[in-house]
1. Counting alpha carbon pairs within less than 8 Å and at least 6 residues apart, what relative contact order, in whole percent, applies to the stretch 235-361?
2. Grab the other residues whose beta carbon is less than 14 angstrom from that of ALA60, score K and R as +1, D and E as -1, and report the net.
3. Within the chain, which DSSP H helices have Cα atoms that stretch 24 Å or more along the helix axis and a mean Kyte-Doolittle hydropathy of at least -1.0?
4. Per residue, what volume in Å³ does the Cα convex hull of the chain take up?
5. Where does each of 336-349, 134-147, 233-246 land if you order them by average Cβ count within 10 Å, highest first?
6. Work through the residues other than LEU151 whose Cβ is under 15 Å from its Cβ and net out their charges, Lys, Arg +1 and Asp, Glu -1.
7. Can you tell me the order of 102-115, 37-50 when each peptide is scored by its average per-residue count of other Cβ atoms within 10 angstrom, highest first?
8. Using helices alone, what [θ] at 222 nm do you get for the chain, with -39,500 (n - 2.57) per DSSP H run of 4 or more residues, divided over all residues and rounded to the nearest 500?
Amino acid sequence: MKEMNRNKMEILGLMSGTSLDGLDIAHVSFEFQGDKIDYQLHHTHTFSLDESLLGKLNQATKMSVEQLFILDKELGKYFAECVRQFMDKHHLDKGQIDAIASHGQTIFHQPQNGFTLQIACGSTIAFHTGIPVINDFRTLDVIAGGQGAPLVPIGDFELFSAEAESFLNLGGFANISFKKNKIIQAFDIAPANLPSNILMQQIGELFDRNGEKARLGEINQTLLEALNSLPFYSSKGPKSLGTEWLHQEYMPILNQRDSLENLLRTHIEHVAIQVAKILNDEGLSSVYITGGGAKNSFFIERLSHYYKGKCIIPSIQIIDFKEALVFAFLGARYLRNETTNVPSVTGATTALCTGVYHRGG
């Protein structure tokens, strides 16, 4: 096991989001000097999920306990294989990596019932790579009464605070973080890429590139009003969204008898309205946008139509890998025995060093 310097670390951050668009790996080095944190993003890559794994993950919420345990181990082996390929490609030796920080694949997220589940077995990844693994970053926060999400805001303000007043991530869901009276606030705003992806998969495509099909549609006003009236939007934070809510509350409304283009257009308009409302109501003058949705030029146009401030789009590498980078940062904080959650964000009763450590093989 590598002898650890707590002030200089190299971490591999692994992120697999609810959109199921692949496993992101980021190789990041951190240097901690008092209150100053320097980081360097060395290498990045996204590994696509093969058809077999993708099919199983799409059915995971309906699996038996036994099937889910098998999938947990299978996904852990897949993540380990991706790490090995990544390290071979970039000529990295396992001895130079302090840890792998893995988000895992969310299957269930029910903080109201006291649990959240991200699979991709940490012990399996550690054994097959020979590198220590930190995973399960959300559970302890939920046990402490929190939502277990979002966890990225601590990275937003430690690593990117000079970039903008607020930070918007457009993944499967849209989440925001900003400071109010010097206290970090963050929460999920609305579904983002997931509904569009689900609609596009009905015609055999994975996503609506640049919002091209949505741009061709017209807004279904009745549908838009129904979406804007969902109770989630009037509830106070801390709050977070999961795929269960999406399929029980959102998709039954969106799945109306209308053209694909109109449904996509209405969804995009809805999300732009909800995001802009938060930004405007909080008086935020700028927003730093990452996640796959940042590449959807039509959505950015619609957001800019409603939002009074400035939309900042960073480099493609940061758009694609910010969450993997931040989970690497959470891994570094774990190794330094520093807190990884923000109670003002998640609603937990206390700040905690969350995560579970698995020794390397």
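No lab work stands behind these numbers, since they all come straight from the coordinates. What you see is a predicted model, and the numbers here were worked out from it, not measured in a lab. Backbone-built Cβ (ideal geometry, glycine too); neighbour counts: all protein chains shown.
1. 20
2. Taking every Cβ under 14 Å from that of ALA60, the sum is -1.
3. 65-89, 260-281, 316-335
4. Per residue, the Cα convex hull of the chain comes to 130 Å³.
5. Top of the packing list down: 134-147, 336-349, 233-246.
6. Surrounding charge for LEU151 is -3.
7. My ranking of the peptides, most packed first, is 102-115, 37-50.
8. The per-residue figure over the chain is -11000 deg cm²/dmol.
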